């Protein structure tokens, strides 16, 4: 199992950067895993409009160059791990 090469600080609903709430994308060759430690987070894929609710039991996988945004739905603690190859995590299915 591979580990992340970088992780963000832990954000809460008040410290979540505005840039993550707007559409953005990972770079070519970079996967992101959104890990919710507490609460719920809406994960929206721009191309399809697919919305998924992420929870501590349901992380979100961001593919390289996949345009997306997030929106806190409650009190929240979350972190993003970045990988240079696909991590062993299944993509989440929409709700």
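Between residue 85 and residue 13, the modelled label-to-label distance comes to 3.9 nm, taking each label 7 Å out from Cα in the direction of the beta carbon.
Residues within the reach of a label modelled at residue 63 (point 7 angstrom out along Cα to beta-carbon, backbone nitrogen below 20 Å), restricted to the stretch 9-42, are 23-35. Overall dimensions of the chain, expressed as equivalent-ellipsoid semi-axes from the Cα gyration tensor (√(5λ), whole Å, largest first), are 18, 15, 13. Length gained on full extension, residue 75 to residue 23, computed as 0.36 nm times the residue gap minus the Cα-Cα distance: 16.6 nm. Taking every alpha-carbon pair in the stretch 11-57 and binning the separations at 5 Å intervals from zero gives 5, 17, 25, 31, 18, 4 percent. When the Gaussian network model of the chain links Cα atoms closer than 10 Å, the mean-square fluctuations of 21, 42, 75 top out at 75. Just checking the listed ones, 18, 51, 71: in the Gaussian network model of the chain with Cα springs under 10 Å, the one fluctuating most is 18.
Bear in mind these aren't lab numbers, they're just calculated from the coordinates by the rules spelled out. Computed from a predicted structure; not experimentally measured. Note: ideal-geometry Cβ built from the backbone for every residue, glycine included; neighbour counts use all protein chains shown.
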